[in-house]
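Peer 1: Have a look at this one.
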Ligand SMILES: [Zn+2]
């Protein structure tokens with residue numbers, strides 16, 4: 001009886017291991033071929049650049065708080081514009097069939 005119990009536990013563990021090692025490939029395969037769109041890459045790097053500029057302003061020293069905030073808003077505006085450009089590009093260049 002004891003041996004049987006141990007065997008059962010091992011079996012369950014093995015099943016779990018298999019599940020972890022082999023996630024179902026069928027479900028994760030994207031429907032659209034995943035070629036990198038250069039415009040997406042460009043716009044994404046513009047967002048990244050704007051975000052690191054925001055971070056630099058936040059961490060940087062400014063002569064006045066007002067000056068810092070003005071600079072921050074300016075950078076946030078740049079980031080928002082970059083995000084808008086990215087999404088409008090996505091909408092026009094990569095429309096989702098299901099949307
Ligand atoms: Zn694109």
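Peer 1: Given the options 81, 75, name the one that is modelled with pLDDT of 95 or more, more than 16 Å from the ligand (Cβ to nearest atom) and in contact with a helix residue (DSSP H, G or I) (Cβ under 7 Å, 6 or more places away or on another chain).
Peer 2: Values: 81 fails: in contact with a helix residue (DSSP H, G or I) (Cβ under 7 Å, 6 or more places away or on another chain).
Every option except 75 fails the conditions.
Peer 1: Show the residue pairs that are 6+ apart or on different chains and have beta-carbon atoms under 9 Å apart, the first residue being within the stretch 84-99 and within 17 Å of residue 41 (Cβ to Cβ), the second being modelled with pLDDT of 95 or more and more than 10 Å from the ligand (Cβ to nearest atom).
Peer 2: 85/46; 85/47; 86/46; 86/47
Peer 1: Continuing with the same structure: Keeping to the stretch 54-71, report how many residues are under 19 Å from the mean Cα position of the chain (by Cα) and touching a residue at least 12 places away in the same chain (Cβ under 8 Å). Spell out how you get there, then give the answer.
Peer 2: Here is the first cut: in the stretch 54-71, the ones under 19 Å from the mean Cα position of the chain (by Cα) are 54-55.
So of that shortlist, the ones also touching a residue at least 12 places away in the same chain (Cβ under 8 Å) come out as 54.
Residues that pass the stated criteria total 1.
The values are calculated or read from the model by the stated rules, or taken from the named source; none is laboratory data. The structure presented is a predicted model; accordingly, all values stated were derived computationally and were not measured. As a convention, Cβ positions derive from the backbone with ideal geometry for all residues, glycine included, and neighbour counts pool all protein chains shown.
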